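In what follows, a structure is listed as structure tokens, so that the remarks can point back to it.
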Amino acid sequence: MKLIVNADDFGFSEEVNANIEKCHQNGIVTSATILSGGKNFDDAIQLAKENPKLGIGVHLAIDGPNNIGKKYATLLDPQTGEFYEDIVAVKKIRKGDFNVEELVSEYSLQIKKVKNEGITITHLDHHHHFHLYFPILKAVIEVAKKYKIPYIRPQKILYSSRNPFPKNIYRLYHQFYLSSRYNTVDGYTSLIGCDSEQMFSKFQTILNSNKRTIELVVHPLKENGEIDFLTNPEIVQKAQNHLTNYGNLVQ
């Protein structure tokens, strides 16, 4: 079993950037996805260049103050000139209010901003997992093909006891849709909502998995306990023979 440990929100803040670098250099983080509209984007790019073994993807976004483009008829809140907040954005996605061409245009700008820095992009995922909605997923697949980005984060969530049966079926259908059209891996899981004991338990479940490749999505912060877990020497030792990133899958 190969394990990709991806840290989201690279570029969000100086603290997040420093935490990701720490968990890469001293822990098990193998890749990170850059928020192109993040206020500490430039710092993230510099850290990416200083850590060449850290796989880099793009953390696409259509909510919050993360827009690159400034003139859209459907994507931006006219009162702020920025993306709508997440709750409003979800409602608009469900209603089909976002123009697909505008989505593709904005995603393209976010991808090009990273590419223009000389970064090799290994994969795409989405802020707040909005690519779990079909209109968003279709646009993400389109830009992945457009820019020949090798992988997209999977749709299937693994080892979660919180999802009701209908939601699991929905995600399985999304995974089938994605995997039949683009490169992805067997599934993903996260440490969100886990205490220290639950993190260790889930990690052991991952290592015992019969899946070929899993992505563990992390958000390294002191307050959620993930930094301590991701840099724990016992975890580092257990994980060392399994770790990879999307760039290595391409090779």
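Values in this text are rule-based calculations from the coordinates and carry no lab data. The model shown is predicted, which means the values in this text are computed figures rather than measured ones. Every residue, glycine among them, receives a Cβ derived from its backbone with ideal geometry; neighbour counts consider all protein chains shown.
What to note about this one:
- The set of residues in region 70-82 being farther than 15 Å from Val104 by Cβ and either of a type in the set (Gly, Ala, Ser) or touching a Phe, Trp or Tyr at 6+ places or on another chain (Cβ under 9 Å) (or both) consists of Leu76, Asp77, Gly81.
- Filter pass, Tyr170 being over 14 Å from the mean Cα position of the chain (by Cα), surrounded by 14 or more Cβ atoms within 10 Å (Cβ to Cβ) and in contact (Cβ under 8 Å) with a residue 40 or more places away in the chain: no
- If you go through region 38-63 and keep only what is touching a helix residue (DSSP H, G or I) at 6+ places or on another chain (Cβ under 7 Å) and in contact (Cβ under 8 Å) with a residue 40 or more places away in the chain, you end up with Leu54, Gly55, Ile56, Gly57, Val58, His59, Leu60, Ala61, Ile62, Asp63.
- Residues being outside any loop (DSSP other than H, G, I, E, B) and of a type in the set (S, T, N, Q) - total across region 96-132: 4
- Ile149 vs. criteria under 15 Å from the mean Cα position of the chain (by Cα), exposed (fewer than 13 other Cβ atoms within 10 Å of the Cβ) and in a loop (DSSP other than H, G, I, E, B): no
- Cβ-Cβ under 7 Å pairs, at least 6 apart or on other chains, region 9-31 side buried (at least 22 other Cβ atoms within 10 Å of the Cβ), far side charged (D, E, K, R): Val16/Asp9; Asn17/Asp43
- The residues on offer are Asp63, Asp43, and the sole one that is outside any loop (DSSP other than H, G, I, E, B) and more than 19 Å from Tyr246 (Cα to Cα) is Asp43.
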